[in-house]
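Scroll down for the structure; my scribbles are underneath it.
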Amino acid sequence: MDALAEIESRLEAQALTVLGGFSPQPGEAGFPRGTATLLMIGLREPGFWPQFTASPEWQDGQSDAMDRWSRRVLGQLACSLGAKALFPFGGPPYHPFYQWALRTGRVWDSPVRLLVHADQGLMVSFRGALALRQRLELPGGTRPCDSCPQPCLSACPAGALGAEGYDVPACHAALDLDTGADCLSAGCRTRRACPRSQSYARLPEQSAYHMRQFHP
């Protein structure tokens, strides 16, 4: 088994997956010393939500359950690989996960300015990254939006997500109204409108959890 396949196998046991990766320039600032490959790690579906909700971090009822779970699981994996785990939370300062994602060749800027993944569409999210000392060859992909009718541009009931970007105050205001009930209970309508998102098996209760974190 090659190194990437072994890492994927170990991530799969935690309902995680490699969403892409890239090789920083030698000595490039912002990465642990000696980083030859940065792997971007996210959720593997189906299966993540039941596994996560059985974890001690979820069961203890304390705050930031998913972040604490991510630190434990990815931290342990990184230690076993001689790698370093990096996370999109815990700042400031924050690691530039958005810019890193764009360097993978598997994630792009969507028509509504949210990240879109080759397989997961607008449901893509990152739980962390692994900075490896070995250089791995990683596949690229084709931007799905280029051959898509782009229903995401007109899906938001509040018009908060569009070609001009994300109007966060308008989104929060809509979530306080009846028009936002569907987004709160099943996840952002714009993200769900993406055809790639619709083929990605995220459970509605998981999306509802994330919406509650965003809009308590």
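Each value in this text was obtained by applying a stated rule to the coordinates, not by laboratory testing. Since this is a predicted model, take the numbers as computed values, not measurements. Note that each Cβ is placed from the backbone with ideal geometry, even for glycine, and that neighbours are counted across all protein chains shown.
How large is Rg over Rh for the range 106-154, taking Rg from the Cα atoms and Rh as the Kirkwood inverse mean of 1/r across Cα pairs?
That ratio equals 1.06.
Rounded, prolate or oblate: which fits the range 1-124 when a ≥ b ≥ c are the square roots of the eigenvalues of the alpha-carbon gyration tensor, with rounded for a/c under 1.5 and prolate only if a/b beats b/c?
In terms of gyration-tensor shape, rounded.
Please compute the modelled spin-label separation between residue 176 and residue 59, points set 7 Å along Cα→Cβ, answer in nm with one decimal.
Each label point is offset 7 Å from its Cα along the Cβ direction, giving 3.9 nm.
Tell me, what are the semi-axes, in whole angstrom and largest first, of the equivalent ellipsoid of the range 76-127 as set by the roots of 5 times the Cα gyration tensor eigenvalues?
23, 14, 9
Using a simple spin-label model with points 7 Å from Cα along the Cα→Cβ vector, what separation in nm is obtained for residue 212 and residue 135?
Each label point lies 7 Å from its Cα, and together they span 4.7 nm.
Which one of 124, 105, 188 is farthest out on the positive end of the charge dipole of the range 96-194, using unit charges on Cβ (Lys, Arg +1; Asp, Glu -1) and the Cα centre as origin?
Of 124, 105, 188, it is 105.
Given a Förster distance of 25 angstrom, what is the FRET efficiency for residue 9 paired with residue 89, based on the Cβ-Cβ distance and rounded to 0.05?
0.45
With just the Cα atoms defining each centre, how far is the range 59-79 from the range 108-146? Give it in Å.
Taking the Cα centre of the range 108-146 as reference, the centre of the range 59-79 is 22 Å away.
Could you derive backbone 3J(HN,Hα) for the range 73-80 from the dihedral phi with the Karplus parameters 6.51, -1.76 and 1.60 (θ = phi - 60°), listing whole Hz in sequence and x where the residue is Gly or Pro?
For the range 73-80, the Karplus curve yields 5, 6, x, 5, 5, 4, 4, 5 Hz.
Once you place label points 7 Å from the Cα toward the Cβ at residue 113 and residue 147, how far apart are they in nm?
About 2.9 nm, to one decimal.
Amide H neighbours of residue 19 under 5 Å, at least 5 residues apart or on other chains, H built in the peptide plane: list them.
Hits under the 5 Å cutoff: 40, 41, 42.
Taking just the C-alpha trace of the chain, give me its Rg and Dmax in Å.
For the chain, the Cα radius of gyration and maximum Cα-Cα distance read 17.5, 52 Å.
Under a point-charge model restricted to the Cβ atoms of Lys and Arg (+1) and Asp and Glu (-1), what is the dipole moment magnitude of the chain relative to its Cα centre, in debye to the nearest 20?
Roughly 460 debye, rounded to the nearest 20.
Can you tell which of 171, 83, 200 lies farthest toward the positive end of the dipole of the range 58-216, using +1 and -1 charges on the Cβ of basic and acidic side chains (Lys, Arg; Asp, Glu)?
Of the candidates, 83 comes out farthest on the positive side.
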